[in-house]
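The values are calculated or read from the model by the stated rules, or taken from the named source; none is laboratory data. The structure presented is a predicted model; accordingly, all values stated were derived computationally and were not measured. Note: ideal-geometry Cβ built from the backbone for every residue, glycine included; neighbour counts use all protein chains shown. Protein only, heavy atoms only, side chains kept; ligands, DNA and RNA dropped before computing areas. Shrake-Rupley method; radii C 1.70, N 1.55, O 1.52, S 1.80 Å.
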Amino acid sequence: MYWVWGLRDGADDSYADPRDPFEEVNRDVWDFNESLDDYVLWPVARTYGKIPQPMRTGLLNAAENLGEPSHLVNNTLQGKFKDAGVSFWRFLINSTVGVLGVFDVATPMGLTAREEGFGETLATWGVGNGPYLMLPALGPTVPVDRGGDVVDGLYFPLDDLNTPLSIARVTIKALEMRLRLQEQEALMENSLDPYSFVREAYFQNWRDKVYDGNPPDDINENDGLEDLGEDFYDQFDD
């Protein structure tokens, strides 16, 4: 889709990145995802965006509340016992007083989300990222990140959800992220190579997640992305 593809023939070295050994295939998937977004995801997201904001907020709160037990487990595995306690109380309060998580009662009480996934747990234990991958429909990831999502889905209550509820949860989160991303999309479109831009954004976001926003100095690089807002990075979250 982008003019930079014209550089591929006979100029593969210009894309050399040890983190992305499958770049040629990843760029093919990138093009597919762009088409999928143009013809499916963005039109659906625009329609979803017409739902009154309070209702959308409630749906997203309920979807995110289901992940709190996973955050509890992973905070515990990382030795963040205070954060694990916060996740426990958030799930208990929002699932009861908050009516199955529709209302986020815990945050105004000072119990802000302490999100941690099993991929982040593995990374803190020293497991390597693996190669960068651009997955059909799912977008950018690395094996330790996406593989961790599979384990997170095995915890209560996610493991008890039937297929329609699971699809609804994922769809709600994806549509909300797509709507938020629209405001930041111009930054990507105006970059020299949007594919590389998104790759760097993903790795910066992944580092921030693993190191809770404080990566060591030797890898604390902005990669020229200082002007991106948090919503752009949010697209790479679970």
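If Pro136 meets every condition in (1) under 21 Å from Glu64 (Cα atoms); (2) open to solvent by 70 Å² or more (accessible area, probe 1.4 Å) apart from one, which number is that one?
With respect to (1) under 21 Å from Glu64 (Cα atoms); (2) open to solvent by 70 Å² or more (accessible area, probe 1.4 Å), Pro136 is out only on (1).
A quick yes/no check of all residues on (1) crowded, with 18+ Cβ neighbours inside 10 Å; (2) in a loop (DSSP other than H, G, I, E, B); (3) touching a Cys at 6+ places or on another chain (Cβ under 9 Å); (4) basic (Lys, Arg):
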| position | (1), (2), (3), (4) |
| --- | --- |
| Tyr39 | no, no, no, no |
| Trp42 | no, no, no, no |
| Arg46 | no, no, no, yes |
| Pro54 | no, no, no, no |
| Pro69 | yes, no, no, no |
| Val73 | yes, no, no, no |
| Val86 | yes, no, no, no |
| Ala123 | yes, no, no, no |
| Gly128 | no, yes, no, no |
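Would you check which residues across segment 160-176 are assigned to a helix (DSSP H, G or I) and open to solvent by less than 80 Å² (accessible area, probe 1.4 Å) and list them? Give the derivation first.
Within segment 160-176, the first condition is being assigned to a helix (DSSP H, G or I), and the residues that meet it are 160, 163-176.
Across segment 160-176, the qualifying residues are Ser166, Ala168, Arg169, Thr171, Ile172, Lys173, Ala174, Leu175, Glu176.
Which number in (1) out of contact with any Asp or Glu (no Cβ under 8 Å at 6 or more places or on another chain); (2) in a helix (DSSP H, G or I); (3) buried (at least 19 other Cβ atoms within 10 Å of the Cβ) marks the one condition that Asp104 misses?
Asp104 satisfies every listed condition except (2).
Being exposed (fewer than 13 other Cβ atoms within 10 Å of the Cβ) and of a type in the set (D, E, K, R) is the filter here, so list the residues in segment 177-188 that pass it.
First, pick out the residues of segment 177-188 that are exposed (fewer than 13 other Cβ atoms within 10 Å of the Cβ): 183, 186.
If the condition is that a residue be exposed (fewer than 13 other Cβ atoms within 10 Å of the Cβ) and of a type in the set (D, E, K, R), then Glu183 is the only one that fits.
So in segment 139-148, with the set limited to residues that are within 16 Å of Val170 (Cβ to Cβ) and open to solvent by less than 40 Å² (accessible area, probe 1.4 Å), which one is farthest from the chain's Cα centre (by Cα)? First the steps, then the outcome.
Of all residues in segment 139-148, those within 16 Å of Val170 (Cβ to Cβ) come to 139, 141, 145-146, 148.
Subsequent filtering for residues that are open to solvent by less than 40 Å² (accessible area, probe 1.4 Å) retains 139, 141, 145, 148.
Details: Gly139: 9, Thr141: 9, Asp145: 10, Gly148: 12 Å.
Ranking the candidates gives Gly148 first.
I'm trying to understand the selection: among the residues of segment 26-76, which are more than 16 Å from the chain's Cα centre (by Cα), aliphatic (A, V, I, L, M) and more than 24 Å from Val142 (Cα to Cα)?
Val40, Val44, Ala45, Ile51, Met55, Leu59, Ala62 - these are the residues of segment 26-76 that are more than 16 Å from the chain's Cα centre (by Cα), aliphatic (A, V, I, L, M) and more than 24 Å from Val142 (Cα to Cα).
Based on this model, can you work out whether Asp159 counts as at pLDDT below 95 and over 29 Å from Glu23 (Cα atoms)? Lay out the reasoning, then the answer.
Numbers: at pLDDT below 95: yes; over 29 Å from Glu23 (Cα atoms): yes.
Here the answer is yes, as Asp159 does meet what is asked.
Those residues that are small (Gly, Ala, Ser), more than 20 Å from Ile172 (Cβ to Cβ) and at pLDDT 95 or above, I need them from segment 11-56; list them, please. Step through it out loud before you land on a result.
First pass over segment 11-56, keeping only residues small (Gly, Ala, Ser): 11, 14, 16, 35, 45, 49.
Okay, now just the ones that are also more than 20 Å from Ile172 (Cβ to Cβ), so 11, 14, 16, 35.
Ser35, the sole residue that qualifies.
Within segment 107-121, how many residues are open to solvent by 40 Å² or more (accessible area, probe 1.4 Å), under 16 Å from Gly67 (Cβ atoms) and not in a loop (DSSP other than H, G, I, E, B)?
Step one: list which residues in segment 107-121 are open to solvent by 40 Å² or more (accessible area, probe 1.4 Å), which gives 107-110, 112-115.
Then keep just the ones that are under 16 Å from Gly67 (Cβ atoms); that gives 107, 112-115.
Now restrict to residues that are not in a loop (DSSP other than H, G, I, E, B): 107.
Selection size over segment 107-121: 1.
For Leu92, all conditions in the list (1) in contact with a Gly (Cβ under 9 Å, 6 or more places away or on another chain); (2) surrounded by fewer than 18 Cβ atoms within 10 Å (Cβ to Cβ) hold save one; what is the number of the exception?
All conditions pass for Leu92, except number (1).
Please name all residue pairs, on different chains or six or more residues apart, with Cβ atoms under 6 Å, provided the first residue is in segment 68-82 and is closer than 14 Å to Asn94 by Cβ and the second residue is of a type in the set (Gly, Ala, Ser) and modelled with pLDDT of 95 or more.
Pairs that qualify, where the first residue is closer than 14 Å to Asn94 by Cβ and the partner is of a type in the set (Gly, Ala, Ser) and modelled with pLDDT of 95 or more, are Glu68/Ser87; His71/Ser87; Leu72/Ala84; Leu72/Ser87.
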